[in-house]
Amino acid sequence: MNLADLNKVALAMVTPGKGILAADESSGTIKKRFDAIKVESTEENRRDYREMLFRSTEAMSKYVSGVILYDETIWQNAKDGTPLVKLIEQAGAIPGIKVDEGTQALPQCPGELVTVGLDKLAERLKKYYERGARFAKWRAVIDIGSGIPSMTAISVNAHALARYAALCQAAQIVPIVEPEVLMDGDHDIDRCYDVTQRVLNKTFQELRVQRVELEGMVLKPNMAISGKKCAKQASVSEVAEKTVRMLKACVPAAVPGIAFLSGGQSDEEATAHLDAMNKIGGLPWKLTFSYGRALQAAPQKAWSGKAENVAAGQRAFTHRAKMNALASKGEWETGLEKKVA
């Protein structure tokens, strides 16, 4: 393992003014997104849609540092035969790959899940590296509800995240470590804060046990935020203040950067929260975005599966990428949203 090279890639992923496009939706998830815009989820349509994003020259070269791909996409070629990975590289961004194989019910823990996919990961990582992937992603899912999460769910998911991270570094691939505490419930921001703090503490404990080099990874956490069904939604400033406090308490300064997931926030909320955190400033790590839905909802709608809408889809993508790029430097403001390209 060459730590200097891993660190270089990790720092490039969190370059100020750039962030990561999460285009790694599973076939099931992208089908739901396509159903919403009345587009059939065929392999060709999925390819055309992602090619549209990767060919958005301005967005990709100015505001995107890396792209997380799904297994299907990393092997696909564009219409003209160019591998999609090459389009990403040509734009100056880094190709990455989602390597977990989804979740399964966790035995003895009703309502809780564990992420799977470690079995043949070492061999898969070799092939992904050869194809051009320089970072990977593994998502653990922690739900908040009555009596959950259990310490069992937190422990097994943290253990799997750390094993995945160690395997990635051995394959010269930067791991994105993603322990996601879901925002689906009716819990308030303080409950989210407490649970996320437990999850992050356990995750870093496991990373140390398994000798993961913190300088060669990127953390992808949720923000401290109210559950979607909570009657009292925390303000932008409260989300920013509590998230920064939580991260300072849990995340070692050796980690090069933190790229937040949007986790079901609206486009503008995700941008406003990231901006407010960067305005607080004085942080030991770079704070940026690794958004899926919050970067893609607008371009998906604008494109709607029609070739004549490709330019409109690219404009929508460029606008959202630019807004988040400004937020990653603490330079965003609501008024800019109105100046859509």
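The values are calculated or read from the model by the stated rules, or taken from the named source; none is laboratory data. All values derive from a computational prediction rather than experimental measurement. Using ideal geometry, Cβ is built from the backbone for each residue, glycine included, and neighbour counts are taken over all protein chains shown. Heads up: the accessible areas ignore ligands, DNA and RNA and are worked out on the full protein's heavy atoms, side chains in. Shrake-Rupley method; radii C 1.70, N 1.55, O 1.52, S 1.80 Å.
Please go through segment 113-155 and pick out each residue that is open to solvent by less than 70 Å² (accessible area, probe 1.4 Å), among the hydroxyl-bearing types (S, T, Y) and part of a loop (DSSP other than H, G, I, E, B).
Of everything in segment 113-155, just one residue is open to solvent by less than 70 Å² (accessible area, probe 1.4 Å), among the hydroxyl-bearing types (S, T, Y) and part of a loop (DSSP other than H, G, I, E, B), namely S150.
From V177, V212, which residue is assigned to a strand (DSSP E or B) and among the aliphatic types (A, V, I, L, M)?
That would be V177, the only listed residue that is assigned to a strand (DSSP E or B) and among the aliphatic types (A, V, I, L, M).
May I ask you to say which residue of A270, A298 is under 30 Å from N45 (Cα atoms), open to solvent by 30 Å² or more (accessible area, probe 1.4 Å) and without any contact (Cβ under 8 Å) to a residue 60 or more places away in the chain?
Answer to the check: A298.
Output the residues belonging to segment 197-214 that are crowded, with 16+ Cβ neighbours inside 10 Å and charged (D, E, K, R).
Those that are crowded, with 16+ Cβ neighbours inside 10 Å and charged (D, E, K, R): R198, K202, E206, E213.
Please work out which residue is surrounded by the fewest Cβ atoms within 10 Å (Cβ to Cβ), limiting yourself to segment 185-196 and to residues that are modelled with pLDDT of 95 or more and over 19 Å from A276 (Cβ atoms). Let's see the steps before the verdict.
Quick first cut of segment 185-196, residues modelled with pLDDT of 95 or more only: 186-196.
Narrowing further to those that are over 19 Å from A276 (Cβ atoms): 186-187, 191, 194-195.
Details: D186: 13, H187: 22, R191: 17, D194: 15, V195: 21.
The qualifying residue surrounded by the fewest Cβ atoms within 10 Å (Cβ to Cβ) is D186.
Residues in segment 161-177 that are open to solvent by 10 Å² or more (accessible area, probe 1.4 Å) and not charged (D, E, K, R): how many?
Here the count works out to 5.
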